[in-house]
Amino acid sequence: MYKILLIEDEPLIQKSLKKLLEKRGVEVVVESRGREAIQLILNQKFDRIICDLMLQDISGFDVIEEAKGRFTMAEISKLFIIITAYSSPHVIEKAKQYGCLLLSKPFENIEEALTIFLSAGAP
Amino acid sequence: MEDQSPTGIKEVKRFLSSSTQELMSLPLKAKPLRFSKNSFEKKVFQSLKNRKINPELEAMFQFKEELRRLLLSTSEVKELPQAILKLTPLNSFESCHVLVHEKGKPVGQNYFFNHSNYEETRLISIPSFNSLFNLVKKSKNKIFNQSLNLKNDLDVVGNFLAKEIDLKNYSVIYLISRNSFLPPSAEEQVLFQGLSGHLQPLLMKILDKEKNDLKKEVLKKSLENFPETLLVKKNSQVLFSNHPNMDEVAKSHLMVFPLDGIENTVMELSNISKDAISTELYHSQRVSLLGELLNTLQHELSNPLFGLNLTGTLLANDAHNSETKEILQEICLNANRSQTIIKNFSNLYNDQQEFKRIQLYKFVEEVITLTKSETKEIQKKIECIGFEAQDSIELETNSTCLTQIIFNLIINAGQAIKSANARVNQNRIVIQLTKIEQTVTIAVIDDGPGVKSELETNIFEPFFTTKESGTGLGLSICQNLARQLGTKIHFQNNSPFPGATFSINLPLV
């Protein structure tokens with residue numbers, strides 16, 4: 001089964017997205033802390049990682065940086081999708097460096113966002 | 001060959017070679033006034049009178065003379081190591097350090113000189129300085145050797161003499177070494193320690209001067225690099241300017257600031273007129289603060305509002321009870337609305353100076369929303385006229401500037417109405433759009449008391465206000481902003497009905 005790790009610290013968003021994704025028939029693991037998320041990434045297999053940038057302990061970019069211990073840059077660009085409410089030019093530029101897709105919160109169209117989460121990732 | 005001895009020594013020599021007769025003829029009565037009882041000079045003089053030559057005394061006299069010269073001629077701390085080594089009794093020493101720490105500074109200075117004429121100034125870390133200072137302070141005989149862990153900071157081999165001087169704002173250590181393992185003699189120790197009493201006032205003087213010089217240098221540099229032309233004048237004479245052509249600048253019209261505490265001296269600033277400097281500064285500070293605040297708010301609220309919306313939608317879809325479903329949908333709508341409002345506000349106040357396309361009707365609507373809280377205690381009716389037929393009027397403009405102009409005009413209109421509350425009027429503010437060829441005029445019309453004709457010319461002046469708590473900046477800022485948009489705000493009193501109309505004309509897309 002398609003397995004997704006959702007790293008998001010806003011409880012309402014976390015719960016809703018989990019439910020919406022599960023409705024589409026995928027397994028969702030949720031985590032709100034960056035450090036714990038890193039452990040999960042390094043020790044489990046996920047088909048997709050959806051990562052918020054503003055976490056309580058560390059930033060989403062730190063999480064991605066740690067993932068380099070296990071994945072190549074090419075793999076990271078396909079595996080990770082960044083979601084953020086703070087899409088400044090600086091953040092967008094940085095996301096580009098990792099080659100990851102970036103979705104701004106709030107999503108304009110939820111269904112579209114869900115489809116992107118289940119797609120093959122960045123081209 | 002000319003005698004190179006110091007003046008005092010020359011005198012002594014002359015005395016010694018002179019006859020008793022000459023000696024007796026000296027105006028001795030005057031002398032005791034200069035010599036305190038049992039003073040060193042008196043002893044010298046006594047020995048001269050007795051015609052006994054005392055080499056020890058002569059050496060000491062010479063030393064004092066040298067010391068006096070050292071104190072008079074040294075003007076910088078970095079000259080001090082060399083000057084100390086020049087003193088005849090200390091001449092056999094090889095090197096001298098003077099270490100200075102200005103209290104509170106993160107690093108100290110280490111001045112060094114040796115007899116091979118090698119001079120150096122280095123930095124010394126505060127922990128090293130403090131450990132040495134405390135060590136020296138505790139020591140009685142002030143003799144040390146290099147077994148101390150100071151190799152990196154001091155160029156000494158074997159024994160050295162060191163003494164500390166504690167000043168109000170500085171800690172100083174001076175230190176001499178022969179670079180050998182022979183201990184210094186007892187006389188040398190006494191002499192060396194005695195030196196501190198002489199050095200203390202000298203150091204106080206030159207260290208303070210050096211600090212002041214540095215301050216002046218920094219100040220001068222910053223004045224020289226000040227982005228506007230700047231003049232300092234005393235009694236109309238130019239003392240300083242950062243402009244290459246002083247005379248030319250001196251004639252131009254500058255903004256004048258008197259300098260406190262210095263008589264007849266003023267500083268003048270060019271380029272910006274008085275109006276521009278104060279209003280623009282005040283305004284840009286306010287806008288950037290507001291912009292930042294709104295930005296932070298937007299991002300902080302975005303996340304939870306989005307969460308609310310998502311969850312609400314989910315639950316609404318699952319709800320079986322139609323009332324619950326309706327309530328949940330209402331929650332979603334409100335979360336969405338809040339999100340839109342905060343987003344629009346931060347767009348209105350973004351700090352970008354660029355022109356972008358705006359829809360005038362939507363734009364004015366948002367500005368009116370913005371004014372709600374500031375005018376909420378004023379009974380009024382805001383009407384928009386002329387929008388209906390021109391639903392899709394689009395402008396290319398800086399929305400931050402235009403927002404503030406319209407915002408200010410509406411607030412002013414509100415206040416005008418309030419001030420005229422006792423009179424019979426309808427408390428109406430009208431925002432009227434008029435399209436003339438390729439331009440549109442936005443007019444904000446109130447039915448307040450209007451502006452007294454004698455004040456009409458002043459209303460755009462900065463700091464001009466008729467309100468008790470006004471800053472007098474609102475309209476002058478607006479006029480400045482309008483200038484940035486390439487236009488002007490026009491004013492006229494209404495006729496025949498009372499009230500005022502402020503309008504701004506802008507080109508259409």
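Overview of values
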quantity	calculated
Packing-based exposure ordering (other Cβ within 10 Å, fewest first) of B:218, B:238	B:218, B:238
Cα-based Lys proximity count in the stretch A:3-117, under 19 Å, for pairs eight or more positions apart or on separate chains	20
Hits among aspartates and glutamates - C-alpha to C-alpha of residue B:140 under 17 Å, sequence gap 8 or more where chains match	B:164, B:166, B:187, B:188
Debye log10 I(q)/I(0) for the stretch A:3-117, one point scatterer per Cα, at q = 0.22 Å⁻¹	-1.38
Reachable aspartates and glutamates, given that their alpha-carbon falls under 13 Å from the alpha-carbon of residue B:78 and they are not under 8 places away in the same chain	B:119, B:120, B:210
Amide hydrogen neighbours beyond the local backbone of residue B:160, cut-off 5 Å, H modeled	B:144, B:145
Distance violations [Cα-Cα > 21 Å] among B:343/B:435; B:467/B:488; B:380/B:467; B:418/B:467; B:137/B:215	B:343/B:435; B:467/B:488; B:137/B:215
Spacing of the two label points (7 Å from each Cα toward its C-beta) at residue B:138 and residue A:115, in nm	8.0 nm
Residue B:215 paired with residue A:88, simple spin-label distance in nm, labels 7 Å along Cα-to-beta-carbon	3.8 nm
Total charge dipole magnitude, the stretch B:374-506, about the Cα centre, Cβ charges on Lys, Arg, Asp, Glu only, Debye to nearest 20	320 debye
Where GluC sites (Glu not before Pro) fall in DSSP loop in the stretch A:75-108, at most 10 other Cβ within 10 Å	A:108
Principal semi-axes in Å for the stretch B:354-507 [√(5λ), Cα gyration tensor, largest first]	24, 18, 15
Helix-derived mean residue ellipticity, 222 nm - over chain A, DSSP H n ≥ 4, -39500 (n - 2.57), to 500	-13000 deg cm²/dmol
Listed residue (A:98, A:4, A:67) projecting farthest to the positive dipole end of chain A, Cβ model	A:4
Leading residue at positive end of dipole, chain A (Cβ point charges), from A:26, A:37, A:86	A:26
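Values quoted throughout were computed directly from the atomic coordinates according to the rules given, and no laboratory measurement underlies them. Because the structure is predicted, anything quoted here is derived from the model rather than measured. Glycine gets a Cβ as well: all are built from the backbone with ideal geometry, and neighbour counts include every protein chain shown.
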